[in-house]
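Asker: Before anything else, here's the structure in question.
The values are calculated or read from the model by the stated rules, or taken from the named source; none is laboratory data. The structure displayed is predicted, hence computed values, not measured ones. We place every Cβ from the backbone using ideal geometry, glycine too, and count neighbours over all the protein chains shown.
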Amino acid sequence: MKDLIFKTNTDLNPLIIRTLLGVVVFVHGAQKLFGWFGGSGFENTMNYFTESLNLPWLIAFSTIILESIGALALIAGLATRFLAIAFTGIGFGIVFTTHLEHGFFMNWFGNQAGEGYEYFILWLGMSIALIFSGGGKYALDRLIVK
């Protein structure tokens, strides 16, 4: 079971994917957890998730922690497959709770009521690729398997 979850190879592709996905997701998580990069911070984000989106408290909290602390762990290649599965779930959740109604395209020109889901297609593609590949080169997962 440990090999199924943590086993990986020494390819560079998963390293590149996990690093880029982790950085992008971390920025979103830091907005939610710390209020960095123009974000709302933990309390306001929790209120928005639980009151406006009607998410259960545990889902809202888990999303914030996964997008911040989990993203750093992904960059390090720690529990890559587990985090990739979690990010896949978050990505689908974001699309279906917030962005699906606005269509495919991002709101580049400000002429839509909200943002489309095209960005999250990339997020999902990267997450799903990591589920199959594992963390790749320099992943801490490799130390767990040994």
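Asker: Can you say whether Gly77 is touching a helix residue (DSSP H, G or I) at 6+ places or on another chain (Cβ under 8 Å) and at positive phi, as far as the supplied structure shows?
Answerer: So Gly77 passes the test.
Asker: I've got another one for you. For region 68-146, which fully contained helices (runs of 4 or more DSSP H) count at least 1 residues that are crowded, with 17+ Cβ neighbours inside 10 Å and of a type in the set (D, E, K, R)?
Answerer: Where helices (runs of 4 or more DSSP H) fall fully within region 68-146 and carry at least 1 residues being crowded, with 17+ Cβ neighbours inside 10 Å and of a type in the set (D, E, K, R), they are 80-94, 141-145.
Asker: For region 41-59, which residues satisfy the criterion of being among the hydrophobic types (A, V, I, L, M, F, W, C), within 14 Å of Gln31 (Cα to Cα) and buried (at least 18 other Cβ atoms within 10 Å of the Cβ)?
Answerer: Residues satisfying the conditions are Met46, Phe49.
Asker: For region 38-47, check the following and say yes or no: at least one residue is in a helix (DSSP H, G or I), under 30 Å from Lys146 (Cβ atoms) and not aliphatic (A, V, I, L, M).
Answerer: no
Asker: Oh, and also: Could you tell me whether any residue of region 57-69 is on the phi < 0 side of the Ramachandran plot, of a type outside the set (Lys, Arg) and touching a His at 6+ places or on another chain (Cβ under 9 Å)?
Answerer: Looking through region 57-69, at least one residue is on the phi < 0 side of the Ramachandran plot, of a type outside the set (Lys, Arg) and touching a His at 6+ places or on another chain (Cβ under 9 Å).
Asker: Among the residues of region 16-35, is any of a type in the set (Ser, Thr, Tyr), within 20 Å of Leu122 (Cα to Cα) and surrounded by 15 or more Cβ atoms within 10 Å (Cβ to Cβ)?
Answerer: yes
Asker: Looking only at region 85-119, count how many residues are closer than 18 Å to Ile16 by Cα and free of Cβ contacts under 8 Å to residues at least 60 places away in the same chain.
Answerer: The number of residues fulfilling the criteria is 3.
Asker: A further question on this structure: Can you tell me which residue within region 9-52, out of those that are within 30 Å of Leu143 (Cβ to Cβ) and hydroxyl-bearing (Ser, Thr, Tyr), is modelled with the highest pLDDT?
Answerer: So the residue we want is Thr19.
Asker: I need every pair where a residue in region 42-56 that is of a type in the set (A, V, I, L, M) has its Cβ under 9 Å from the Cβ of a residue that is surrounded by fewer than 12 Cβ atoms within 10 Å (Cβ to Cβ), sequence separation at least 6 or different chains.
Answerer: Hits for this filter: Met46/Trp57.
Asker: Right, something else. Which ones in region 26-52 are among the hydrophobic types (A, V, I, L, M, F, W, C) and on the phi < 0 side of the Ramachandran plot?
Answerer: Answer for region 26-52, where residues must be among the hydrophobic types (A, V, I, L, M, F, W, C) and on the phi < 0 side of the Ramachandran plot: Phe26, Val27, Ala30, Leu33, Phe34, Trp36, Phe42, Met46, Phe49.
Asker: Give the residue that is farthest from the chain's Cα centre (by Cα), with candidates limited to residues of region 54-67 that are in a helix (DSSP H, G or I) and of a type in the set (A, V, I, L, M, F, W, C).
Answerer: This residue is Trp57.
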